[in-house]
Amino acid sequence: MEAFRLAPPQPPLLRRTERVLRTSFTGPHITKKCVRPCFRASVSKPTAEISSPTEDAVPSSSSPTFVVAPPPRPKVSANSLQYPSGYLGAVPERSIDEGNGDVMNAMGYLTNILSSKVYDVAIESPLQLATKLSERLGNQVWLKREDLQPVFSFKLRGAYNMMAKLPKGQLEKGVICSSAGNHAQGVALAAKELGCNAVIAMPVTTPEIKWQSVERLGATVVLVGDSYDEAQAYAKKRAKEESRTFVPPFDHPDVIMGQGTVGMEIVRQMQGPLHAIFVPVGGGGLIAGIAAYVKRVSPEVKIIGVEPSDANAMALSLHHGERVILDKVGGFADGVAVKEVAVIRSCASIKDMFEEKRSILEPAGALALAGAEAYCKYYGLKGKNIVAITSGANMNFDKLRVVTELANVGRQQEAVLATILAEEPGSFKQFCELVGPMNITEFKYRCSSDKAAVVLY
């Protein structure tokens with residue numbers, strides 16, 4: 001699988017509600033909801049073998065059991081692995097076991113993807129040509145419109161596929177998940193379709209519009225903790241106490257198989273040779289599912305993952321050869337500075353999508369499109385068919401202002417600058433002389449002290 005890293009996700013708006021439940025639960029941080037961007041990459045050899053996560057063994061009741069805690073995963077800094085914009089960064093070579101077990105496992109994924117029942121709730125999303133972007137890049141850029149799903153995100157596929165396979169007795173006990181966004185809505189809609197009870201644990205910082213959307217689908221929302229970690233720990237603890245099934249957002253074979261139907265559709269819909277599929281990477285469920293199918297039936301197609309440079313856990317995990325934890329994850333909310341190029345490029349890609357299809361993607365939903373453009377420019381790619389998955393459209397309306405302000409900056413049609421002036425007579429005149437003939441469209445003057453002021457323009 002080839003993995004390329006780039007641009008941004010999104011930030012939670014800080015808003016407290018009356019439904020706050022405080023806990024002291026902590027747990028591993030496995031998803032990155034709020035992320036900023038920047039392009040980074042990592043690559044491994046293409047492979048069709050996808051191994052499923054190890055399930056907890058069920059010990060015999062007649063023998064004593066000993067629980068050995070796994071060693072803690074290493075913490076690394078996102079800045080420790082940085083590549084030029086659009087570059088496919090390499091990971092160390094590792095041998096690939098071509099044994100029969102791997103082949104059978106890969107074929108199991110393939111057959112399960114083919115027989116998935118996701119279409120009980122999901123649609124076969126269209127594959128549409130981005131005419132203007134294709135002309136600008138000199139390639140045929142195709143958009144896989146997962147933003148058109150009933151919950152405006154691909155997450156519904158994996159959640160439903162896992163839940164639909166649960167035994168009836170287990171389904172009657174209900175399900176639970178932790179999420180601050182698209183996974184929550186996917187689980188809620190799947191539960192509604194299957195007629196089971198669903199509890200969704202969300203951080204108290206989750207915007208009201210998001211948890212209300214989940215409630216409207218019939219799920220019970222519990223706002224708990226200030227972070228995703230706390231919400232997840234609460235959900236897993238309650239799952240054990242109430243014998244509910246915990247539905248993970250990506251790290252489960254059935255979830256991965258459900259997401260793999262996206263790859264199945266692309267292969268069926270694409271006419272002519274396909275160079276690459278660009279996939280946004282958070283936890284990795286979508287890219288794993290797509291690779292499990294596409295690399296088995298069309299191994300020549302590149303599968304390129306795109307993730308934010310300051311939330312590049314997948315790139316770093318591939319680089320180190322093991323799962324790692326980031327010591328700090330960036331967030332879109334505090335990432336609107338101009339130096340965060342990936343945020344800017346993602347905003348530019350949101351604008352591209354609006355101009356192409358009059359649709360508005362969320363920042364994470366535009367990630368693959370931004371990655372595809374950066375890749376084409378870096379490698380001078382011409383005359384190829386490439387697919388970018390527009391993974392979601394759950395955009396907060398308040399965030400649109402930030403996106404529109406940065407979109408032209410991303411296309412280098414505008415620049416946002418800051419100048420510090422001495423707070424004394426004549427400074428502003430000198431500033432005007434320095435900027436000269438530049439066309440200034442917006443100007444803000446902020447006095448920060450008796451000695452200096454900041455001009456944003």
*How high is the FRET efficiency between Lys444 and Arg73 when r is their beta carbon distance and R₀ equals 56 Å, given to the nearest 0.05?*
0.80
_Residue-span extension gain [Glu208 to Ala422] - 0.36 nm each, minus C-alpha spacing_ = 72.7 nm
*asked:* Could you tell me the center-to-center distance, by alpha carbons, between the stretch 249-267 and the stretch 188-209 in angstrom?
replied: 21
*asked:* If you take every DSSP beta bridge fully contained in the stretch 107-244, what fraction is antiparallel? Give it as a percent rounded to 5.
replied: 25
_Rounded to the nearest 20 debye, dipole of the stretch 97-246 from Cβ charges on Lys, Arg, Asp, Glu_ = 320
*So between Glu135 and Ala415, what do we pick up on full extension, going 0.36 nm a residue minus the alpha carbon distance?*
98.3 nm
*Applying the Karplus parametrisation 6.51 cos²θ - 1.76 cosθ + 1.60 with θ = phi - 60° to the phi angles of the stretch 142-158, what ³J(HN,Hα) value in whole Hz is obtained for each residue in order, glycine and proline being reported as x?*
10, 10, 8, 7, 6, 5, 9, 5, x, 9, 6, 6, 5, 4, 4, 4, x
*Where nothing but the Cβ of Lys and Arg (+1) and of Asp and Glu (-1) is charged, how large is the charge dipole of the stretch 354-446 around its Cα centre, in debye to the nearest 20?*
400
_Share of carbon and sulfur in the accessible heavy-atom surface of the stretch 188-239 [1.4 Å probe, %]_ = 46
_Taking 0.36 nm per residue of sequence separation and subtracting the Cα-Cα distance, how much length would be gained by fully extending the chain between Asp251 and Asn396, in nm to one decimal?_
49.5 nm
*If amide H atoms are built 1.01 Å from N in the plane of the peptide, which residues on other chains or at least 5 residues away come under 5 Å of the amide H of Ala452?*
Glu423
*With the Cα gyration tensor of the stretch 169-302 in hand, give its eigenvalues times 5 under a square root as the equivalent ellipsoid semi-axes, listed largest first in whole angstrom.*
32, 16, 14
*Can you run phi through the Karplus equation (6.51, -1.76, 1.60; θ = phi - 60°) for the stretch 160-168 and list ³J(HN,Hα) in whole Hz, with x for Gly and Pro?*
5, 4, 5, 5, 5, 8, 5, x, 4
*Between Glu193 and Leu456, what FRET efficiency follows from the Cβ-Cβ distance if R0 is 30 Å, with the result rounded to 0.05?*
0.05
*To the nearest 0.05, how large is the calculated FRET efficiency for His320 and Leu114 if R₀ is 30 Å and r is the Cβ-Cβ distance?*
0.30
*How much accessible area per residue does the stretch 340-393 have, in Å², with a 1.4 Å probe?*
29
*Going down the list Lys302/Lys384; Lys75/Lys302; Lys155/Lys240; Lys117/Lys384; Lys328/Lys444; Lys144/Lys328, which pairs span over 22 Å between their C-alpha atoms?*
Lys75/Lys302; Lys155/Lys240; Lys117/Lys384; Lys328/Lys444; Lys144/Lys328
*Would you mind checking the radius of gyration and Dmax of the stretch 147-239 based on alpha-carbon positions, in Å?*
12.3, 34
*For the peptides 260-266, 451-457, 157-163, 433-439, what is the packing order when you average, over each peptide's residues, the other Cβ atoms within 10 Å and list the highest mean first?*
157-163, 260-266, 451-457, 433-439
*Take His320, His183 and sort them by solvent-accessible surface of the protein heavy atoms, 1.4 Å probe, largest at the top.*
His320, His183
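The values are calculated or read from the model by the stated rules, or taken from the named source; none is laboratory data. All values derive from a computational prediction rather than experimental measurement. Heads up, the Cβs are rebuilt from the backbone with ideal geometry, glycines too, and the neighbour counts pull from every protein chain shown. Heads up: the accessible areas ignore ligands, DNA and RNA and are worked out on the full protein's heavy atoms, side chains in. Shrake-Rupley method; radii C 1.70, N 1.55, O 1.52, S 1.80 Å.
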